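Asker: One structure coming up, written as structure tokens, with questions to follow.
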Amino acid sequence: MDVAALLLRLILGVVMFAHGWNHVFRGGKLPGVARWFASLGFKAPKLQAALASYTELGAGVLLVLGLATPVAAAGVVGCMFVALVANHLKNGFFIFRPGEGYEYVLTLVVVALALGALGGGEWSLDGALDVDVEQWEGLAITAGLGLGLGAAVLGLFWRPTTPS
């Protein structure tokens, strides 16, 4: 279990950190990310760009360290749930489809949920600090916080345009 938690934490943490880093420091940077959020129908795109990007960076660091693992995993769930609903779901399953399908973001959501249930493992800061949140409790925190905050972002800020 500790090896599985370590492997999942490291890959998910690195992927999320790299994703956030790309949003903040590469390409169009936060203004470009904000324009993309606006094109999806978000009504506070600068806020969404900052929230998503810094959540990805922070969750990535926390996952690699194994600190507050269910909360960090919830950050992944929230960001990827918003991406799933606002952009990828309508494009079908496969990521190579036009507009990118949902297979990748769905996989990240499920890996984050599984990691919330596993907990940080013995080889984590959670383990060193004797924080033992795992199984159903960890899953409930990860799913409740991640899906709840993702749904709140969508409900408060997402107003997609309907095609004419």
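The values are calculated or read from the model by the stated rules, or taken from the named source; none is laboratory data. Remember, it's a predicted structure, so these values are computed and weren't measured experimentally. Glycine gets a Cβ as well: all are built from the backbone with ideal geometry, and neighbour counts include every protein chain shown.
Asker: Do we find that residue 78 is surrounded by 23 or more Cβ atoms within 10 Å (Cβ to Cβ) and of a type in the set (Gly, Ala, Ser) in this structure?
Answerer: yes
Asker: Being of a type in the set (Phe, Trp, Tyr), surrounded by 15 or more Cβ atoms within 10 Å (Cβ to Cβ) and more than 22 Å from residue 157 (Cβ to Cβ) is the filter here, so list the residues in region 86-120 that pass it.
Answerer: Once the filter is applied, which keeps residues that are of a type in the set (Phe, Trp, Tyr), surrounded by 15 or more Cβ atoms within 10 Å (Cβ to Cβ) and more than 22 Å from residue 157 (Cβ to Cβ), region 86-120 yields only 104.
Asker: Here is a follow-up. Could you list, in sequence order, all residues of region 14-66 that are over 23 Å from residue 157 (Cβ atoms) and among the basic types (Lys, Arg)?
Answerer: Within region 14-66, 26 is the sole residue that qualifies.
Asker: Which residues, counting only those in region 7-58, are in contact (Cβ under 8 Å) with a residue 40 or more places away in the chain, surrounded by 21 or more Cβ atoms within 10 Å (Cβ to Cβ) and either among the aromatic types (Phe, Trp, Tyr) or over 18 Å from residue 80 (Cα atoms) (or both)?
Answerer: Within region 7-58, just 42 meets the criteria.
Asker: While we're looking at this one, here's another question. Is one or more of the residues making up region 140-150 at positive phi and either touching a Leu at 6+ places or on another chain (Cβ under 9 Å) or acidic (Asp, Glu) (or both)?
Answerer: no
Asker: If you don't mind, there's one more thing I want to ask. Is region 13-24 home to any residue that is within 15 Å of the chain's Cα centre (by Cα), more than 30 Å from residue 128 (Cα to Cα) and not small (Gly, Ala, Ser)?
Answerer: The answer is yes, given that some residue of region 13-24 is within 15 Å of the chain's Cα centre (by Cα), more than 30 Å from residue 128 (Cα to Cα) and not small (Gly, Ala, Ser).
Asker: Follow-up. How about region 121-133: which of its residues are surrounded by 15 or more Cβ atoms within 10 Å (Cβ to Cβ) and at positive phi?
Answerer: 121
Asker: Quickly run through region 96-115 and pick out the residues that are at pLDDT 95 or above and of a type in the set (Gly, Ala, Ser).
Answerer: If the condition is that a residue be at pLDDT 95 or above and of a type in the set (Gly, Ala, Ser), then 112, 114 are the ones that fit.
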